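Contents: one structure, followed by commentary.
Coordinate-derived values only; no laboratory data. Quantities reported herein were computed from a predicted structural model and do not represent experimental measurements. Cβ: placed from backbone, ideal geometry, glycine included. Neighbour counts: every protein chain shown.
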Amino acid sequence: MTKKTLILYYSWSGKTKEMAEKINQEIEGSDLKEINVAKDAFDSDQYKTNDIALDQIQGNKAFPEIQLDNIDFNDYDLILVGSPVWSGYPATPIKTLLDEMKNYNGELASFFTSAGTNHKAYISHFKEWANGLNVIGIARDDSAIKDWIK
Ligand SMILES: Cc1cc2nc3c(=O)[nH]c(=O)nc-3n(C[C@H](O)[C@H](O)[C@H](O)COP(=O)(O)O)c2cc1C
C-alpha cells in the first residue's frame, strides 16, 4: 500500500523548490506545500541571510514565523521536509515547522540541497530539531526516496 505522503519544503533561491517538485512527480498521489516566511524575514544577500539565521540559532533572535495552510499532519503516513543547507543547519524556518509538528505521529524524512558541504552537520542538526519525531531518513536530493516510500 502506498503511504500517504506530504512534501513540505522551504526554498530561499529556488533549488529546493525544484527538487521538491521533482520528488512530487516521483511519488504517487503525494501532496506538495511550500513553507513561506514574511518578505523581510531574511535578506536578498546570502551572507546577511546567513548572519540572521545564525543569530536565531544562537538564541539572539526568535526563529522566523512560517505561513502554512492549515494542515493536519496526522492525515499523512509520511512527511518529507525539504530544505537547503545553511551553515550546516537546515534553513531556520524548518526549526519553526518541526516545533509545530511535535504532535505528529507518522514517519518523517528530510531531503536537502546544498553547494556540497556540511552534509553531516545538517543531518545531526535536523535530528536535534526533530527531537521526539520519528525520523526515518535524511538524504541529499531525491537519492533515498524509494526507500522512504516503501
Ligand atoms: C544562508 C546560506 C547558507 C548556506 N550554507 C551552505 C553550507 O553550509 N553548505 C553548502 O553546501 N551550501 C550552503 N549554502 C548553499 C545552499 O545550501 C544551496 O545553494 C541550496 O541548494 C539552495 O537552496 P534553495 O535555492 O532552495 O534556497 C548556503 C546558502 C545560503 C543562502
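The table below gives the values:
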{"quantity": "Those trypsin sites (Lys or Arg not before Pro) in the stretch 67-120 that DSSP places in a loop and that have at most 12 other beta carbons within 10 Å", "calculated": "Lys102"}
{"quantity": "Sites Lys150 and His119 - FRET efficiency at Förster radius 30 Å, r taken between beta-carbons, to 0.05", "calculated": "0.85"}
{"quantity": "Descending Cα extents along the principal axes, the chain, whole Å", "calculated": "45, 30, 26"}
{"quantity": "Choice from Leu97, Leu133, Leu54 with maximal GNM fluctuation in the chain (Cα, 10 Å cutoff)", "calculated": "Leu54"}
{"quantity": "The chain - mean residue ellipticity at 222 nm from DSSP helices (-39,500 (n - 2.57) per run, n ≥ 4, rounded to 500)", "calculated": "-9500 deg cm²/dmol"}
